[in-house]
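Here is the structure we will look at.
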Amino acid sequence: MTGRRLFAWCVVLALVLAACSSGSGSKTKSSTGTTATTAPRTGGQSGGAWPTYHRDALRTGVEPNGPTPGSLRRVWESPGIDGAVYAEPLFVGNQVFIATEHNNVYALDGTTGMVQWQKNLGEPVPQSQLPCGNIDPTGITSTPVVDAGRGLLYVVPFTMPPRHELVALDLTSGAVRFRRPVDPPGADPKVEQQRSALALAGDQVLVAYGGLFGDCGNYHGYVIGARADGGGNLTTFQVPAARAAAVWAPPGPVVDNNSVLVASGNAVGTGGNPDLSNSVLRLSLPGLTLQDSWTPRNRDALSQSDQDLGSTSPVPVGDGLVFVVGKEGVGYLMRADGLGGVGGEIFSGPVCRGFGGTASAPPMLFVPCRNELDALRIEGSSFSVAWRVSGVDGSPIVTGDTVWAIDLSGGQLHAYRASDGQELASMPVGDVANFGTPAAGNGLVLVAGGGHVIAFGN
């Protein structure tokens with residue numbers, strides 16, 4: 001055979017081997033003993049990379065790769081999951097993690113949706129044991145967080161007798177690596193709700209607390225730091241206010257430049273110096289000491305009318321700016337390196353009554369509102385409304401040039417073109433809990449709805 005023909009045959013053989021390798025997945029055995037096929041590489045990405053609420057520590061909610069809305073279909077649907085789901089699905093490697101109000105945690109195969117393992121973390125707390133609230137029973141309400149380096153999933157169940165614990169589960173097997181009390185020292189667990197997503201900051205897991213629906217009891221807003229290895233003492237920050245000032249927004253603490261950003265809610269009563277209810281706070285890491293703050297001038301009026309600022313988390317939006325919007329419907333921009341104290345914002349303007357988690361793809365910011373989705377364009381030190389759509393109240397995420405959000409009351413997942421808000425697709429998902437938000441990875445968009453996890457793709 002001539003050298004030229006030998007070279008040609010080598011090229012053909014290499015192409016055939018490459019096609020075989022990329023066109024089929026590998027087989028792995030799950031902890032239940034069943035065989036599952038791992039997903040082939042797509043778009044240069046293998047599996048999911050969505051380990052925390054809205055994908056990263058800044059809660060941007062942006063995934064580079066996603067499905068094409070025009071050819072969207074259900075790729076898989078998980079078996080039924082036990083309990084209401086307020087937590088966002090997480091997608092890491094070829095595993096999807098979901099947590100429920102019955103204190104059940106599931107690991108699903110990211111290719112098939114089949115259950116790899118399930119772990120129950122104790123009896124949830126029935127509504128009858130609490131002085132107020134609107135979740136019955138209450139188990140795991142917050143979104144967990146994955147530490148891929150340690151191979152752990154951190155989750156906070158609320159269990160009987162009423163108490164919160166930080167539990168670390170092995171990603172592969174679901175085995176409990178440790179569990180420890182994580183209620184704020186001296187606080188009454190029955191009036192402290194752990195709704196905000198967990199955050200991982202170096203060697204700490206951050207756990208935030210607010211009050212129950214109805215604002216009953218002597219609760220306070222807290223951020224707790226617990227060592228990621230389960231040892232040591234808790235680090236505690238309590239929002240300075242007479243009572244309440246919850247840290248309750250679903251996105252939870254935002255880790256930015258080796259510090260933490262949170263927003264606080266209404267105060268009940270007056271007192272404390274300073275009173276940092278209805279404020280954006282920057283805390284140090286790992287000590288969780290107050291470094292900086294911003295408070296609107298109408299803080300007291302917001303508390304009196306239950307229009308608290310803390311219904312969303314503050315989010316960095318590029319160019320050294322931070323954005324926040326609360327129930328009042330006014331959006332604020334402040335400087336990240338100097339939040340501004342009382343009334344020190346650099347811009348404010350009407351937006352919408354914000355609830356949940358934003359998605360940030362500068363210069364665009366997508367804001368969840370009561371019964372609408374608003375797209376803001378942030379330019380220089382101001383913003384304007386680029387477009388809005390009604391009938392959507394879930395927290396948005398972004399894949400490529402597509403915005404995904406859920407109509408919670410109608411049980412529909414919607415896809416919109418990010419540039420102008422044109423609807424590109426709509427798919428039924430069933431009942432979705434308040435503040436529900438999708439996740440994305442490996443060319444899929446995931447929704448917890450109708451008692452299942454549903455994966456949409458092409």
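Residues in the range 101-116 that are in a loop (DSSP other than H, G, I, E, B), in contact with a Ser or Thr (Cβ under 9 Å, 6 or more places away or on another chain) and over 13 Å from Trp76 (Cβ atoms): Glu101, Asn103.
When you look at Ala87, is it in a loop (DSSP other than H, G, I, E, B), of a type in the set (A, V, I, L, M, F, W, C) and surrounded by 22 or more Cβ atoms within 10 Å (Cβ to Cβ), yes or no?
Values: in a loop (DSSP other than H, G, I, E, B): yes; of a type in the set (A, V, I, L, M, F, W, C): yes; surrounded by 22 or more Cβ atoms within 10 Å (Cβ to Cβ): yes.
Answer is yes for this residue.
So which residues in the range 432-458 are in contact with a strand residue (DSSP E or B) (Cβ under 6 Å, 6 or more places away or on another chain) and over 14 Å from Glu88 (Cα atoms), if there are any at all? Scanning the range 432-458 gives Asn442, Gly443, Leu444, Phe456, Gly457. Hey, any hits in the range 35-56 for a residue that's of a type in the set (S, T, N, Q) and modelled with pLDDT of 50 or more? Looking through the range 35-56, at least one residue is of a type in the set (S, T, N, Q) and modelled with pLDDT of 50 or more. Before we move on, is Ile135 β-branched (Val, Ile, Thr), in a loop (DSSP other than H, G, I, E, B) and farther than 30 Å from Gly457 by Cα? So Ile135 fits the description; yes.
Find the residue count for the range 303-324, including only residues that are within 20 Å of Tyr222 (Cα to Cα) and not in a loop (DSSP other than H, G, I, E, B).
Going residue by residue through the range 303-324, those that are within 20 Å of Tyr222 (Cα to Cα) are 303, 306-315, 324.
With not in a loop (DSSP other than H, G, I, E, B) added as a condition, the list becomes 303, 309-312, 315, 324.
Matching residues across the range 303-324 total 7.
Of the residues making up the range 246-291, those that are closer than 12 Å to Ala208 by Cα and among the small types (Gly, Ala, Ser) are Ala246, Ala249, Gly252, Ala263, Ser264. Is it fair to say Ser173 is within 21 Å of Pro51 (Cα to Cα), of a type outside the set (A, V, I, L, M), in contact (Cβ under 8 Å) with a residue 60 or more places away in the chain and surrounded by 21 or more Cβ atoms within 10 Å (Cβ to Cβ)? Answer is no for this residue. Picking from residues in the range 48-73 that are small (Gly, Ala, Ser) and crowded, with 23+ Cβ neighbours inside 10 Å, the one that is nearest to the chain's Cα centre (by Cα) is Gly61.
Does Thr312 meet the test of being farther than 20 Å from Leu212 by Cα and touching a residue at least 12 places away in the same chain (Cβ under 8 Å)? Before the answer, list the steps.
On the way: farther than 20 Å from Leu212 by Cα: no; touching a residue at least 12 places away in the same chain (Cβ under 8 Å): yes.
No; evaluated as a whole, the condition is false for this residue.
The residues of the range 218-236 that are more than 17 Å from Arg179 (Cα to Cα), in contact with a Gly (Cβ under 8 Å, 6 or more places away or on another chain) and touching a residue at least 40 places away in the same chain (Cβ under 8 Å), listed by number, are Gly221, Thr236.
Evaluate the following for Ser384: is it in a strand (DSSP E or B) and exposed (fewer than 15 other Cβ atoms within 10 Å of the Cβ)?
Numbers: in a strand (DSSP E or B): yes; exposed (fewer than 15 other Cβ atoms within 10 Å of the Cβ): yes.
Here the answer is yes, as Ser384 does meet what is asked.
Residues in the range 179-204 that are buried (at least 24 other Cβ atoms within 10 Å of the Cβ) and of a type in the set (A, V, I, L, M, F, W, C) were compared, and the one that is nearest to the chain's Cα centre (by Cα) is Ala197. For the condition of a type outside the set (Lys, Arg) and either touching a Cys at 6+ places or on another chain (Cβ under 9 Å) or over 23 Å from Leu166 (Cα atoms) (or both), Gly225 does not qualify. Scanning the range 368-391 for residues that are in contact (Cβ under 8 Å) with a residue 24 or more places away in the chain and either in contact with a Pro (Cβ under 8 Å, 6 or more places away or on another chain) or of a type in the set (Val, Ile, Thr) (or both) gives Pro368, Leu373, Ile378, Val385, Val389.
The set of residues in the range 249-266 that are on the phi > 0 side of the Ramachandran plot and either within 17 Å of the chain's Cα centre (by Cα) or not in a loop (DSSP other than H, G, I, E, B) (or both) contains only Gly252. Kindly indicate whether Pro350 is at pLDDT 95 or above and either touching a Phe, Trp or Tyr at 6+ places or on another chain (Cβ under 7 Å) or surrounded by 15 or more Cβ atoms within 10 Å (Cβ to Cβ) (or both). No: the conditions fail for Pro350.
Only residues that are surrounded by 14 or more Cβ atoms within 10 Å (Cβ to Cβ) and small (Gly, Ala, Ser) were counted in the range 264-308, giving 9. Looking at Gly356, Gly394, which one is at positive phi and buried (at least 16 other Cβ atoms within 10 Å of the Cβ)? Checking each option against the conditions leaves just Gly356.
Within the range 280-296, residues that are part of a strand (DSSP E or B) reach partners that are of a type in the set (Ser, Thr, Tyr) and surrounded by 14 or more Cβ atoms within 10 Å (Cβ to Cβ) with beta carbons closer than 6 Å, at six or more positions or on different chains, in the pairs Leu281/Ser293; Arg282/Ser259; Ser284/Ser259; Gln291/Ser284; Ser293/Ser279; Thr295/Ser279.
Pairs linking a residue in the range 95-115 that is closer than 16 Å to Gly457 by Cβ to a residue that is among the charged types (D, E, K, R), with Cβ atoms under 7 Å and 6 or more positions apart or on different chains, are Gly113/Glu77.
Show me the strands (runs of 3 or more DSSP E) entirely contained within the range 418-458 in which 2 or more residues are closer than 12 Å to Ile406 by Cα and touching a residue at least 40 places away in the same chain (Cβ under 8 Å).
Numbers: elements: 423-428, 439-441, 444-449, 452-457.
Ranges flagged: 423-428, 444-449.
The values are calculated or read from the model by the stated rules, or taken from the named source; none is laboratory data. Values in this document were obtained by computation on a predicted structure and should not be read as measured data. Cβ coordinates were reconstructed from backbone atoms using ideal geometry, including for glycine residues, and neighbour counts include every protein chain displayed.
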